[in-house]
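Comments concern the structure below.
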Amino acid sequence: MTTKTISPSQPLPQEEGASTKKLSIITYGCQMNVYDSERMAGVLRQGGYELTPDAGQADLVLMNTCSIREKAEQKFYSELGRLRRLKQQRPGMMIGVCGCIAQRARGEILERAPYVDLVFGTLNVSRVLDLVQQVETASEPVLEITDKVLDGDLGALPVQRDSRVTAFVSVMHGCNKRCSFCVVPNTRGPQVSRPMPIILDEIRGLADAGYREVTLVGQNVNAYGSDFRPHRSDFAALLEAVQEVAGIERIRFVTSHPLDFTQRLIDAMAGLDKVCEFLHLPFQAGADRILKLMRRGYTAEGYRDLIARIREAVPNLALSTDVIVGFPGETEEEFLETRRMLELVRFDAIYLFNYSERPGTVAPGLPDQVPLADKKRRFDGLLNMQKRISLAANLAYEGGTYEVLVEGPSKKDSAKLTGRTRTNKIINFPADPSCIGQLVPVRVTQAGLYALSGERESSRVEMPVIAGV
Ligand code: SF4
């Protein structure tokens, strides 16, 4: 889970005559939310709202919430309390709440926090400017939640992106899976894929604006196009089409589901040179009984077989995954199966979560909820083991030279630039800012747990050999 305030790095044109007001968007959670925030900033820009990184200075603060973990909800409510105090000092400030908590809790938010001016759902992003304008003239808070994707949300909206080099592009809304722990099908609805011509137009526009890398985002991008009628499409077809966009040098995608990862998609990953050698593929748990209770639809062995096939086709693949510990009924032996999965597959990185109950899902009703102390112990054990695996994976890069897309100044050291390898490793190195947006060779001089350090080179690009199934 991340919290992010998007910054005003890339102004978009405003409507003529629009006066400037300050906008702050606080974003919780996944890439889908980051993308939605960038779209809301783009739409509001047309109404005269300029981004500020400081909520204390803003005329409008939007909280784009995440409800996937209990912790994210707690964080949201505590931040809302802080905004209340800001609003007491600046009564003209407007507070809006959107995203997954808004979609699920609806009017409850206004009951709990009557100082909130606007609540709208995950499917009302394209309406944000109209809604804000309604609040400006209304005497009461405005609430709008839709349960069906609006045409405006599938179409092309102005987007104010955080980066000038890499961009998220949504390819779908919602999810048709019903994992027993997951609130997403309730908060984002069933899967609705965006039409391919609209996605491609957006990506061509990005290429024209100088972007070099796109990340195609959705809750289960592998299922892209399966909802088109009468002619279904698939994600491999979308990758093939994006490969043809001149100016885009790299393609990434997130998130994938093992069940929808077809051989055709593996072949596309292997055959399309712009598709990067990186994959985020959640496995969630290593024991088959738990996977069944989670309604994931695959077994641990099936998952490992899939990874082996992908690695055979894409030998330098870097992998990350999601893992939940302490799912209801998980025994010590079943937890050890999860540990075994990490040992065998040797992921580059994992996103590890303690199971937490989500309202409206099936899992809270399952017997044998795991005590918090056991969850924490399992969590810490896995995390420590994974740190060793991740560091070893990064150390394999030392001494090699890799193609790096330079994204901008390093956040930790302003004398350095930062970028990513094709395998999604963050690398910091000293270089002239004129190379931002370029693909440059960088030799890795030192590997850390979360990032690499390096020096720019003029030639020679290698890939590391990664061990695992
Ligand atoms: S695939 Fe499962 S975990 Fe992922 S969004 Fe859909 S329901 Fe949630």
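Rounded to the nearest 10 square angstrom, Val345 shows an accessible area of 0 square angstrom against a 1.4 Å probe.
With all protein chains kept in place, the per residue accessible area of the chain amounts to 42 square angstrom at a probe of 1.4 angstrom.
Fully extending the segment from Arg106 to Leu200 would add 30.5 nm, taking 0.36 nm per residue of separation and subtracting the current Cα-Cα distance.
For Ala167, the residues 5 or more places off, or on other chains, whose built amide H falls under 5 Å of its own are Glu213, Val214, Thr215. From its DSSP helices (H runs of at least four residues, each -39,500 (n - 2.57)), the chain gives a residue-normalised ellipticity at 222 nm of -10000 deg cm²/dmol. Let me have the relative contact order for the chain, percent, based on Cα pairs under 8 Å that are six or more residues apart. It comes to 10 percent, rounded to a whole number.
To the nearest whole percent, what portion of all C-alpha pairs in the range 267-318 is separated by more than 17 angstrom? Of all Cα-Cα distances in the range 267-318, 42 percent exceed 17 Å. For Lys292, Lys376, Lys387, the ranking by accessible surface with the largest value first comes to Lys292, Lys376, Lys387, using a 1.4 Å probe.
Here's how it looks for Leu123: its modeled amide H is under 5 Å from those of Thr146, which are all 5 or more places away or on a different chain.
Going from most exposed to least, what order do Cys182, Cys276 have by accessible area with a 1.4 Å probe?
Cys182, Cys276
Taking amide hydrogens as placed 1.01 Å from N in the peptide plane, the amide H of Leu452 sits under 5 Å from those of Ile426, Ile427, Asn428, each at least 5 positions away in sequence or on another chain. Of the whole protein surface, Asp273 contributes about 100 Å² of accessible area at a 1.4 Å probe radius.
If R₀ is 25 angstrom, what is the calculated FRET efficiency for the pair Ala313 and Ala246, using the beta carbon separation as r and rounding to 0.05?
0.45
Surface composition of the chain: carbon and sulfur make up 50 percent of the accessible area, probe 1.4 Å. Note on Lys22: lysines with a C-alpha under 25 Å away, same-chain residues under 8 apart excluded, are Lys4, Lys75, Lys87, Lys411.
Ordering Glu79, Glu398 by accessible surface, largest first, gives Glu398, Glu79; the 1.4 Å probe counts only protein heavy atoms, with every chain in place. Rounded, prolate or oblate for the range 42-166? Axes are the square roots of the Cα gyration tensor eigenvalues, ordered a ≥ b ≥ c, and the cut-off for rounded is a/c under 1.5. Rounded. Put simply, the Cα atoms of the chain extend 62, 58, 50 Å along their principal axes, the longest span coming first. Net length available on complete extension from Lys416 to Leu395 is 5.5 nm, with 0.36 nm assigned per residue and the Cα-Cα distance removed.
The values are calculated or read from the model by the stated rules, or taken from the named source; none is laboratory data. Just so you know, these numbers come straight off a predicted model, no measurement behind them. Methodologically, a virtual Cβ is constructed for each residue, glycine included, from the backbone with ideal geometry; neighbour enumeration extends over all protein chains shown. Note: areas computed on protein heavy atoms with side chains; ligands, DNA, RNA excluded. Shrake-Rupley method; radii C 1.70, N 1.55, O 1.52, S 1.80 Å.
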